[in-house]
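The values are calculated or read from the model by the stated rules, or taken from the named source; none is laboratory data. Because the structure is a prediction, the values reported are computed rather than measured. Positions of Cβ are backbone-derived with ideal geometry, glycine not excepted, and every protein chain shown enters the neighbour counts. Just the protein is used for accessible areas: all its heavy atoms, side chains included, with ligands, DNA and RNA removed. Shrake-Rupley method; radii C 1.70, N 1.55, O 1.52, S 1.80 Å.
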Amino acid sequence: VHREMRIVRLGQGVDATGQPSRLTALPRPALALANAATALQAFMLLPVAVDPACIAEALRGVRLAGRNQRLQRQGRAVVLDVGHNAHALAFLRGELARHGLCERFHIVLGMLGDKDVEAAVRVLEPLGQSWHIAPLPSPRTATTARLSAALAAAGATDVVVHDDVAAAMAGALARADG
């Protein structure tokens with residue numbers, strides 16, 4: 001798809017050029033541009049005309065649950081992201097910066113053991129004020145020992161191990177309030 005569809009960022013918007021047409025002045029979606037490119041190319045290849053205003057509205061409203069998702073918990077802003085590799089987490093860092101969130105965070109972290117935990121942690125480490133790690137409820141979970149070692153190797157010093165993700169979230173919220 002990336003050979004057929006090209007998306008160019010223009011301020012807060014994007015232009016998309018694909019086969020057989022071009023869409024201009026679209027809103028920038030809240031998901032990775034490569035994912036948006038795939039969807040836009042599919043729309044352009046439909047055997048029916050799709051109104052560009054409908055495409056723009058869809059881009060404005062598209063959200064992926066758990067992907068750069070903003071919530072409020074106990075009066076605190078929380079950003080959820082299921083990024084599972086360095087590339088996805090680099091996207092998250094860029095999105096946080098784009099929204100002016102350039103501070104350090106109390107990060108809750110659990111990962112699957114078959115992912116490149118060490119590379120992912122290296123991407124996130126500059127953002128971490130404190131780390132609250134926990135195993136995921138999956139037989140594939142990365143151990144907290146592996147997460148701790150990866151964080152130490154990346155330079156993190158404030159790491160708290162929790163029994164589960166809910167306890168890690170509670171710990172992070174308590175630290176944010178402290």
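Brief remarks follow.
- Criterion: part of a loop (DSSP other than H, G, I, E, B), open to solvent by less than 70 Å² (accessible area, probe 1.4 Å), on the phi < 0 side of the Ramachandran plot and hydroxyl-bearing (Ser, Thr, Tyr) - qualifying residue of Ser148, Ser130, Ser138: Ser138
- Filtered by the rule that a residue be assigned to a loop (DSSP other than H, G, I, E, B) and either open to solvent by 50 Å² or more (accessible area, probe 1.4 Å) or on the phi > 0 side of the Ramachandran plot (or both), segment 151-176 gives Gly155, Thr157, Asp163, Asp164.
- Residue match in segment 7-30 (condition: open to solvent by 90 Å² or more (accessible area, probe 1.4 Å) and part of a helix (DSSP H, G or I)): no
- Exactly one residue out of Val78, Val108 is in contact with a His (Cβ under 8 Å, 6 or more places away or on another chain), crowded, with 17+ Cβ neighbours inside 10 Å and within 30 Å of Arg140 (Cβ to Cβ): that is Val108.
- Within segment 33-57, being open to solvent by 50 Å² or more (accessible area, probe 1.4 Å), over 30 Å from Gly110 (Cα atoms) and not in a loop (DSSP other than H, G, I, E, B) holds for Ala42, Phe43, Leu45, Pro52, Ala53, Cys54, Glu57.
- Residue in segment 41-77 that is farthest from the chain's Cα centre (by Cα), counting only those that are touching a residue at least 24 places away in the same chain (Cβ under 8 Å) and under 30 Å from Ala168 (Cβ atoms): Gln74
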